[in-house]
Every structure is written in structure tokens, then in C-alpha cells.
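The values are calculated or read from the model by the stated rules, or taken from the named source; none is laboratory data. Since we're looking at a predicted model, the values are computed, not measured. Don't worry about glycine lacking a Cβ; one is built from the backbone with ideal geometry, like all the others, and counts go over all protein chains shown.
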Amino acid sequence: MGMGAAESNSEAVRESFSAEESYAIGRELGLLAAPGEVYALEGDLGVGKTVFTQGFAAGLGITEPVNSPTFTILQIYEEGRIPLYHFDVYRIADPEEMFEIGFDEYAGGEGVCLIEWANLIAELLPENTRTIRIEKDLEKGFSYRRITIGERYS
Ligand SMILES: Nc1ncnc2c1ncn2[C@@H]1O[C@H](COP(=O)(O)OP(=O)(O)OP(=O)(O)O)[C@@H](O)[C@H]1O
Ligand SMILES: [Mg+2]
């Protein structure tokens, strides 16, 4: 893993036992986020992608409420350390819609992109995309989530 990347760390698995813990993990990553990065959030309905995003936004210094309005694909938050481009592509009919929204300008731009349901636009994700996969494991309880954080390329 990581071959060919000049600087990368390896995949990391974090365990969360509550929404607050997932928020805190998101916040940690938000504190470290850099312009031009793309984070692909993968995981089933209601697994905690938005909770993670809310923590991430807090880490960027965003205090306004962050959520995922059903029919809004992109929400931009400008008040943090760098802009946050929060995409939720669940309702996208055709990945081409991403170009109409201007995705290629946001990815690699001044801010950081977080994309819920990124697997639906997998073919459009840039090479430096960092995957955040969130999974339940009911054997470990209803509030358990395994958060697998992909390598970061710099
Ligand atoms: N460990 C946990 N981490 C995150 N959320 C948790 C956890 N345990 C319970 N929850 C609950 O799971 C729900 C996650 O909702 P959230 O909206 O973040 O999911 P989502 O993946 O964004 O859903 P959608 O696919 O609809 O966008 C919240 O109600 C949250 O309180
Ligand atoms: Mg969501």
C-alpha cells in the first residue's frame, strides 16, 4: 500500500462507540485538513457520515450548523480556517451533474471537499482522494462504528 506516493501514511482504523466519539474523530481530521484535499465518505444510510462531517467542520473552525439537506448536493461553509465544500451526492442522477456544480474547481481548490456517498461518483474522484469508510458491527453494539481512514497523500 502507498507505493508510488512520495509521502503517505498508512490506513488507520478507529473505533467509535458513540456519535460524540465519531464527531471527535472528524474534528481531529478537520484540524489537520489542508487546501485541495478531497475526503470520500463511504458507508450506509444513517451510519454517521454527517456526524463525522459536523466534527470535521468544527475542526476547521466552523460554528454554524452543518447538516445534509435532502435536495442540496453542495453546501459551502466559508467561516473556518479554509472553506469546506460539503457534498452529499446520494440524490445525484448522473455523475456528470458534478461538473455542472463545478466539482472539478472545488477539488484541488482553496478549500477541502467532503463527499457523502462518494462511491456513487467514484470515477470522478481525484487521485489524491482520502477515503473515510464508516461501518457498523452490530455484534459490538448499536452505536459502534468502525472508521477506516485511508492514506493521506501530500
Ligand atoms: N458511533 C456513532 N457514530 C456516529 N453516529 C452514531 C453513532 N452511534 C449512533 N449514531 C447515530 O447514528 C446517526 C448517524 O446519522 P448521520 O446523519 O450522521 O448518518 P449519515 O451516514 O450521514 O446518513 P445519510 O446516509 O442519510 O446521509 C445519528 O442519529 C447518530 O446519533
Ligand atoms: Mg448524511
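Mind listing just one residue for me: the one in region 34-49 that is closer than 20 Å to Pro65 by Cβ and crowded, with 22+ Cβ neighbours inside 10 Å and, of those, farthest from ligand 2 (Cβ to nearest atom)? The extreme case among them is Tyr39.
Residues in region 1-17 that are in contact with a Phe, Trp or Tyr (Cβ under 9 Å, 6 or more places away or on another chain) and at pLDDT 95 or above were compared, and the one that is nearest to ligand 2 (Cβ to nearest atom) is Ser16. Within region 103-119, at least one residue is under 29 Å from Ser18 (Cβ atoms) and of a type in the set (Gly, Ala, Ser). State whether the residues of region 108-117 include one that is surrounded by fewer than 16 Cβ atoms within 10 Å (Cβ to Cβ) and among the aliphatic types (A, V, I, L, M). Checking region 108-117: not a single residue is surrounded by fewer than 16 Cβ atoms within 10 Å (Cβ to Cβ) and among the aliphatic types (A, V, I, L, M).
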